Amino acid sequence: MSWLMIIVVVLSVVLIIAALFAVYQKDLLLAVIGTSAVSVVLSVLFYILQAPDVALTEAAIGVALTTIIFVITIKKTKRFEE
Amino acid sequence: MRKVIAILLLIIIGYYSIDTILKIPFGEGVKGVGKHYLESTIKETGAVNSVTAIVVSYRGFDTLGEVTVLFLAATGLGAILYDKKGKKRSLQNASLIVKTSSKIIYPLIALLGAYVFVHGHLTPGGGFQGGAIIATGVLLMFISYRSFETNHKALSIIESLAGMTFVTIGFAGLIYGTSFLQNILPFGIPGELFSAGIIPLIYVAVGFKVGAELTALLDNLLKTIK
């Protein structure tokens, strides 16, 4: 097993944990942080899988813009899921 | 009853997804249309980055559609959040460290965004990515300085001009060539900045358009916070 393979497996596990955290978290602000963590890991994975164009898009839009739009929306509505 | 239907649907969807994925020959090299793209993009479009060649040249009309969708989404949001009174952001100023460092980083982020969309036909990235990077830079300034303002009129003028440039280049291809978005400029030497015909022009237009749109969108949203 090469180092790259180990990194890919570890990143995939982190990705799934962050995604489950985002789904099951009742505090929506923390859930948004979870989705943004998913985006960070996903953009690294895209880069390793030789898709740098998609990695750039994921990093700029997934990490920064989507997160801030969700944070503003939560600020305007409710923070906790019932 | 609903659970049974849901499980049945999941089984059907799962079966067909796995069936499709198993039929894709992973790791056997590229075949068919992918092979054609990889082998002949430099010859047919002059672009070194084949992703850009597909997005702007082979599927240029789809890109125009995407730009239109983004424009409509931004316009719709602006219409929903429209307010006659010129509102101000009520966010607090950030700390001195954040303010000083964002003042240094902001021009660098804008430069990176411009680099990404100007070199779209040479290196990974392009108009959408570059525009989004520029918008994140402006976002950094929005959240560090309360007084940082963007000129909405200038933003909408940039946006309209960029969109018109895209469509004009498309119609120039229709007039001087054979079809909409046909390449009418010389290819130049592949790998140089001024090469690949109309691809860099279109990507610069898309970069300006996406950057201006996302900046205006963020400004509109941030102004709604009480």
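Every read-out reported here was derived from the displayed coordinates using simple, explicitly stated rules and does not represent laboratory data. Because the structure is predicted, anything quoted here is derived from the model rather than measured. Methodologically, a virtual Cβ is constructed for each residue, glycine included, from the backbone with ideal geometry; neighbour enumeration extends over all protein chains shown.
For B:Leu201, B:Leu214, B:Leu139, what ranking results if the residue with the fewest other Cβ atoms within 10 Å of its Cβ goes first? It would help to have the intermediate numbers written out before the result.
Numbers: B:Leu201 16, B:Leu214 26, B:Leu139 20.
Fewest-to-most Cβ neighbours within 10 Å comes out as B:Leu201, B:Leu139, B:Leu214.
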Give me the orientation-averaged projected area of the Cα convex hull of the stretch B:2-223, in nm², one decimal.
18.6 nm²
Gaussian network model of chain A, Cα springs within a sub-10 Å range: biggest mean-square fluctuation belongs to which of A:Thr57, A:Thr66, A:Thr35?
A:Thr57
Could you give the angle, 0 to 90 degrees to the nearest 10, between helix A:3-24's Cα long axis and the longest principal axis of the Cα atoms of chain A?
10 degrees
Where does each of A:Lys78, B:Lys103 land when they are ranked from fewest to most other beta-carbon atoms within 10 angstrom?
A:Lys78, B:Lys103
Over the residues of the protein assembly as shown, compute the C-alpha Rg and express it relative to 2.2 N^0.38 Å.
1.14
Taking the simple approach of a point 7 Å from Cα along Cα-to-Cβ for both B:Lys99 and B:His36, what is their distance in nm?
5.9 nm
Calculate the spin-label point distance for A:Val9 paired with A:Thr73, positioning each point 7 Å from the Cα along the beta-carbon direction, and give it in nanometres.
3.7 nm
If I take R0 = 30 Å and measure r between the Cβ atoms of B:Ile157 and B:Thr123 in this structure, what FRET efficiency does the formula 1/(1 + (r/R0)^6) give, to the nearest 0.05?
0.55
Least to most buried among A:Glu82, B:Glu213, B:Glu39, by other C-beta atoms within 10 Å and fewest first, runs A:Glu82, B:Glu39, B:Glu213
Span-like helices, chain B: DSSP H, alpha-carbon axial extent 15 Å or more, mean Kyte-Doolittle 1.0 or greater, which ones?
B:2-23, B:60-80, B:96-118, B:127-144, B:152-176, B:199-222
Shielding of B:113-123 by other chains, given as the mean Cβ count within 10 Å, works out to 1
Output field shielding_mean for A:54-66 (other chain Cβ, 10 Å radius) holds 5
Measure out, as a whole number of angstrom, how far apart the alpha-carbon centroids of the stretch B:18-43 and the stretch B:99-175 sit.
33 Å
Over chain A, calculate the relative contact order: mean separation of alpha carbon pairs under 8 Å at least 6 apart, over the residue count, as a percent.
31 percent
Between the Cα axis of helix A:66-76 and the main Cα principal axis of chain A, the angle (0 to 90°, nearest 10) is 10 degrees
Quick one: Debye curve from the C-alpha atoms of chain A, no solvent, what's log10 I(q)/I(0) at q = 0.18 Å⁻¹?
-0.76
Average partner coverage of B:131-142, which counts Cβ from other chains inside 10 Å
3
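Suppose a student asked you for the relative contact order of chain B, using Cα pairs under 8 Å spaced at least 6 residues apart; what percent would you report?
27 percent
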B:Lys223/B:Leu201 FRET efficiency (R0 45 Å; Cβ-Cβ; nearest 0.05):
0.85
Relative contact order, percent, of the stretch B:31-141 when contacts are C-alpha pairs under 8 Å separated by at least 6 residues?
25 percent
Label-point separation, B:Ser147 to A:Thr66 (7 Å along Cα→Cβ), nm:
3.7 nm
